[in-house]
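Enquirer: Take a look at this one; I'll ask things after.
The values are calculated or read from the model by the stated rules, or taken from the named source; none is laboratory data. Note that the coordinates shown come from a computational prediction; the quantities given were computed from them, not determined experimentally. Neighbour counts run over all protein chains shown; Cβ positions are idealised from the backbone, glycine included.
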Amino acid sequence: MSYTSWRGVVGCIKPTHRPGSLEELIRMLPEGIGVIPLFLDIRAGTTDEFKRSVEPFVPLIEQLVVDEVDLIHAEGAPPFMLLGHKGEADLLRKWEKKYKTPVFTSGTNHVAALKALKAKKIVGATYFTGNINGLFADYFTQAGFDVLAMDGIDVPFDQVGHLSSEQVYAHVKKVALKHPKADAVYLLGSGWRVLPVIDVLEQDLGLPVVHPVPARCWEIQKRLHVDQPVAGYGVLLREML
């Protein structure tokens, strides 16, 4: 299929029907990059549900391949992080070999962003609680980072978007200040609406912040060979590291 998006087309597979992050990404991307969104229907946000959700990505990937997109982004950190860093890499190699289209996940995107920032010791904040945060920490440890914390905020999965950016700022700042040796802050999940405080967090903590939406915009540009900095959402995207 031929598209008029002259800088390239990315197919984004979103794990939930939750609005917010898709609109943010489209506003953030440079003119000329097209987005084709497809959706899964994750609702509970439990470990068991995430473990069952990888296979449903396949028919959506196949649909995007038929649509001849230039790049596929399989979103949602938990489903792929639960495979482990190596398991995820093996799956991506299998998909790219079969479909002849580059594919990246939220996890590989976040690892790439942290490495671009030359981060080694990271503090993570999530909107999950319990053992799953330990699995997220294990993923980044396997990727070569020293994970000083992966702390969740207690909120129902379907209510994440109702957290104010000020509430998230307070949670992240509290976690980060406990770990003065950290050299980067990582926010897991696209569900919370916190773009307005990313620059503020970086200024107040003196640390770079990786948030999924700016990191997504950064990698889409890099993979499509576009280099158009975007200010207001942290150093990664502002300086196109």
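Enquirer: Would you call T4 surrounded by fewer than 17 Cβ atoms within 10 Å (Cβ to Cβ), hydroxyl-bearing (S, T, Y) and not in a strand (DSSP E or B)?
Expert: yes
Enquirer: Would you be able to say whether some residue in region 159-170 is surrounded by fewer than 19 Cβ atoms within 10 Å (Cβ to Cβ), in a helix (DSSP H, G or I) and modelled with pLDDT of 95 or more? I'd like the intermediate steps shown before the answer.
Expert: First, pick out the residues of region 159-170 that are surrounded by fewer than 19 Cβ atoms within 10 Å (Cβ to Cβ): 159, 161-167, 169-170.
Keeping just the survivors that are in a helix (DSSP H, G or I) gives 159, 161-162, 165-167, 169-170.
Checking which are modelled with pLDDT of 95 or more leaves us with none.
Checking region 159-170: not a single residue is surrounded by fewer than 19 Cβ atoms within 10 Å (Cβ to Cβ), in a helix (DSSP H, G or I) and modelled with pLDDT of 95 or more.
Enquirer: Then there is this: Go through (1) closer than 29 Å to D41 by Cα; (2) in contact (Cβ under 8 Å) with a residue 24 or more places away in the chain and name the single condition A182 misses.
Expert: Evaluating A182 over (1) closer than 29 Å to D41 by Cα; (2) in contact (Cβ under 8 Å) with a residue 24 or more places away in the chain leaves (1) as the failure.
Enquirer: While we're on this one: Restricting to region 176-204, name every residue that is surrounded by fewer than 19 Cβ atoms within 10 Å (Cβ to Cβ) and either of a type in the set (A, V, I, L, M, F, W, C) or part of a strand (DSSP E or B) (or both).
Expert: Once the filter is applied, which keeps residues that are surrounded by fewer than 19 Cβ atoms within 10 Å (Cβ to Cβ) and either of a type in the set (A, V, I, L, M, F, W, C) or part of a strand (DSSP E or B) (or both), region 176-204 yields L177, V200.
Enquirer: Which of the residues that make up region 205-238 are assigned to a helix (DSSP H, G or I), out of contact with any helix residue (DSSP H, G or I) (no Cβ under 7 Å at 6 or more places or on another chain) and among the hydrophobic types (A, V, I, L, M, F, W, C)?
Expert: Keep residues of region 205-238 that are assigned to a helix (DSSP H, G or I), which gives 205, 212-223, 235-238.
Then keep just the ones that are out of contact with any helix residue (DSSP H, G or I) (no Cβ under 7 Å at 6 or more places or on another chain); that gives 220-223, 238.
Answer for region 205-238, where residues must be assigned to a helix (DSSP H, G or I), out of contact with any helix residue (DSSP H, G or I) (no Cβ under 7 Å at 6 or more places or on another chain) and among the hydrophobic types (A, V, I, L, M, F, W, C): just I220.
Enquirer: Oh, and also: Would you mind stating whether E49 is part of a helix (DSSP H, G or I), under 22 Å from Q221 (Cα atoms), free of Cβ contacts under 8 Å to residues at least 60 places away in the same chain and of a type outside the set (V, I, T)?
Expert: Details: part of a helix (DSSP H, G or I): yes; under 22 Å from Q221 (Cα atoms): no; free of Cβ contacts under 8 Å to residues at least 60 places away in the same chain: yes; of a type outside the set (V, I, T): yes.
The answer is no for E49.
Enquirer: Are any residues in region 31-52 surrounded by 13 or more Cβ atoms within 10 Å (Cβ to Cβ) and under 27 Å from G8 (Cβ atoms), and if so, which ones?
Expert: Matches in region 31-52: G32, I33, G34, V35, I36, P37, L38, F39, L40.
Enquirer: Then there's this: Of the residues L64, L22, which single one is more than 17 Å from L92 (Cα to Cα), under 20 Å from the mean Cα position of the chain (by Cα) and buried (at least 17 other Cβ atoms within 10 Å of the Cβ)?
Expert: Values: L64 fails: more than 17 Å from L92 (Cα to Cα).
Answer to the check: L22.
Enquirer: Mind telling me which of the residues F104, F57 ends up being aromatic (F, W, Y), buried (at least 17 other Cβ atoms within 10 Å of the Cβ), within 28 Å of P156 (Cβ to Cβ) and out of contact with any Lys or Arg (no Cβ under 6 Å at 6 or more places or on another chain)? Quick ask: steps written out before the conclusion?
Expert: Working: F104 fails: within 28 Å of P156 (Cβ to Cβ).
None of the others qualify; the one that does is F57.
Enquirer: Is it true that some residue in region 94-101 is closer than 19 Å to E75 by Cβ and among the basic types (K, R)? Walk me through it before giving the result.
Expert: As a first pass, look at region 94-101 and keep what is closer than 19 Å to E75 by Cβ: 94-96, 99, 101.
Remaining after also requiring among the basic types (K, R): 94.
Yes, that holds for at least one residue.
Enquirer: Also, quick follow-up: Take region 76-122 and flag every residue that is at pLDDT below 95, within 14 Å of the chain's Cα centre (by Cα) and not in a helix (DSSP H, G or I).
Expert: Selection gives G76 alone.
Enquirer: Within region 163-221, which residues are touching a strand residue (DSSP E or B) at 6+ places or on another chain (Cβ under 6 Å), charged (D, E, K, R) and farther than 21 Å from E239 by Cα?
Expert: Once the filter is applied, which keeps residues that are touching a strand residue (DSSP E or B) at 6+ places or on another chain (Cβ under 6 Å), charged (D, E, K, R) and farther than 21 Å from E239 by Cα, region 163-221 yields only K181.
Enquirer: Could you grab the pairs with beta carbons closer than 6 Å, sequence gap of 6+ or different chains, first residue in region 228-241 and within 15 Å of K118 (Cα to Cα), second one part of a loop (DSSP other than H, G, I, E, B)?
Expert: Filtered contacts from region 228-241: V235/P208; L237/V230; M240/D227; M240/P229.
Enquirer: Condition first: more than 16 Å from N109 (Cβ to Cβ), in contact (Cβ under 8 Å) with a residue 40 or more places away in the chain and of a type in the set (G, A, S). Now tell me which residues in region 57-96 satisfy that.
Expert: Correct list: G84 only.
Enquirer: So which residues in region 212-241 are among the small types (G, A, S) and under 14 Å from the mean Cα position of the chain (by Cα)?
Expert: Just the residues of region 212-241 that are among the small types (G, A, S), to begin with: 215, 231-232, 234.
Within region 212-241, A215 is the sole residue that qualifies.
Enquirer: A further question follows. Pick out the one residue from Y99, Y169, Y127 that is under 26 Å from Q221 (Cβ atoms), touching a Leu at 6+ places or on another chain (Cβ under 9 Å) and hydroxyl-bearing (S, T, Y). If you could, list the steps in order and put the result at the bottom.
Expert: Numbers: Y169 fails: under 26 Å from Q221 (Cβ atoms); Y127 fails: under 26 Å from Q221 (Cβ atoms).
After applying the criteria, what remains is Y99.
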